[in-house]
Amino acid sequence: MKALQAALRAEHAAVYGYGVVGGRIGDERRADARTAYDAHRARRDELRRTVRGLGGEPEPSAAAYAMPFPVPDSAAAVRLAAELEERVAAVYSDLVRATEGARRAAAAESLREAAVRAARWRGGSVAFPGLAERSRASADGAAGASPGA
């Protein structure tokens, strides 16, 4: 239940964050932002139903969420969208590890969707979506850094 609630918290934050993205994103990416916003709202609602179905009380959304950096323009909005997706992917990675069966498959699908959206926003992918420490290590290795450097 803990991992489900964490995924729900991440989806609440993503829905809020995409509100910020939508307010700053340029016209050329507005449809992408809307599609992602709708996807996160649907996942959030699905997680609420799942938590209730397991006899739990879904965690409510916070009144506001701190952004990881200022978002004054479209370029920053694109970076924020990528960051939101990376954070959601990380939480779904934890949910994949914590569940099994149909819930695990749904979490893996959510992880995949977030990783694909992150790659689209970022313009490239990472080796291990949802596993930030492995993604960084892979990127460092590709850049020629030695392990532990």
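Annotations for the structure displayed:
- Stretched out straight at 0.36 nm per residue, the stretch from E46 to S74 would grow longer than its current Cα-Cα span by 7.1 nm.
- The stretch 78-93 and the stretch 1-66: distance between their alpha carbon centers, rounded to Å: 11
- In terms of packing, defined here as the mean over residues of other Cβ atoms within 10 angstrom, the peptides 110-123, 22-35 line up highest first as 110-123, 22-35.
- Accessible carbon and sulfur surface of the stretch 10-79 relative to its total accessible area, %, 1.4 Å: 51
The values are calculated or read from the model by the stated rules, or taken from the named source; none is laboratory data. No experiment lies behind these values; they were computed from the predicted model shown. As a convention, Cβ positions derive from the backbone with ideal geometry for all residues, glycine included, and neighbour counts pool all protein chains shown. What goes into the accessible areas is simple: the full protein's heavy atoms, side chains included, and nothing from ligands, DNA or RNA. Shrake-Rupley method; radii C 1.70, N 1.55, O 1.52, S 1.80 Å.
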